[in-house]
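Everything on this sheet refers to the single structure shown next.
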Amino acid sequence: MLQNNTLVDQLRKSVGFKHIAVGGLDIDGYHFGRGRSTDTSFPSAYVEAYFAEELCLSDPLLILTRERNVPMSDEEAFGTMAAPTRLEHLHRSFGICNRFLVPLSRDERVYGCVCFTNDHAFTGSERQLLTFLAEPLHKSVTKPLMDRFAASTYGLSAGELNCLGLASKGMTSEEIAAASKYQTETVNTYLKRATRKLGAANRAHAIAEAIRRQIIN
């Protein structure tokens, strides 16, 4: 998912970060800090050791960013809470340094994060850019997973998801048909089915529910 991602590629050209990790989904059981990264370019052996040894439970950067819900660097986190010896050893072994983690939240609940590393500490302007683009980057990387979750949990088809997404932009059935190449009758059928599957009263309610559940953006 990180490969061939246009936003990731553009951001890397602008900031020049070394590694990136995207974690968490905005659904129960996949919140930041409670499981493996959704996708990462960190060395696979590092990731395996980090999670096998449950260092996520004692990593100051994860603990403090989740508690405070603010972007933070390793330097800031380790200055507040001592890093475990094993974590420091793992970072030295794999050349992991200068992590900068941006937590993502909704309704004051941290559900995900994007973490970057570099060979040098990120500058203030670089941190601002990374923070600004963390959420859209997270959404672009996790969208396929969220689509599969919607399909498996709510039984929504690709056509129903597509029509819901276009309807959320204020499009009429005729405009959705023109944009999606579906027939207008098919669009209406998809939206009716999606409304029923989401337990909504009408199209507007279905759109609101889909946005609330993060099925569509």
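The values are calculated or read from the model by the stated rules, or taken from the named source; none is laboratory data. Just so it is clear, the structure is predicted and the values come from calculations on it, not from any experiment. Every residue, glycine as well, gets a Cβ built from its backbone with ideal geometry; the counts of neighbours run over all protein chains shown. Surface areas here come from the heavy atoms of the whole protein model, side chains and all, with no ligands, DNA or RNA. Shrake-Rupley method; radii C 1.70, N 1.55, O 1.52, S 1.80 Å.
Judged by the mean number of other Cβ atoms found within 10 Å, the most tightly packed of the peptides 176-187, 55-66 leads the ranking 55-66, 176-187. Think of segment 100-204 as having a plus end and a minus end, set by charges on the Cβ of Lys, Arg, Asp and Glu; of Leu164, Gly124, Pro103, Leu164 sits farthest toward the positive end of this dipole.
Measuring nothing but protein heavy atoms, the accessible surface of segment 103-195 at 1.4 Å probe radius is 51 percent carbon and sulfur. One Cα centroid belongs to segment 72-132, the other to segment 164-194; the line between them spans 42 Å.
Here the dipole of the chain is about 620 debye; that uses its Cα centre as origin and unit charges on the Cβ of Lys and Arg (positive) and Asp and Glu (negative). Using a probe of 1.4 Å on the protein chains alone, the accessible area found for Met81 is around 60 Å². Convex hull volume of the C-alpha atoms in the chain, normalised per residue: 130 Å³.
Counting only lysines at least 8 places from Lys197 when in the same chain, those with an alpha carbon closer than 28 Å to its own are Lys139, Lys143, Lys169, Lys181.
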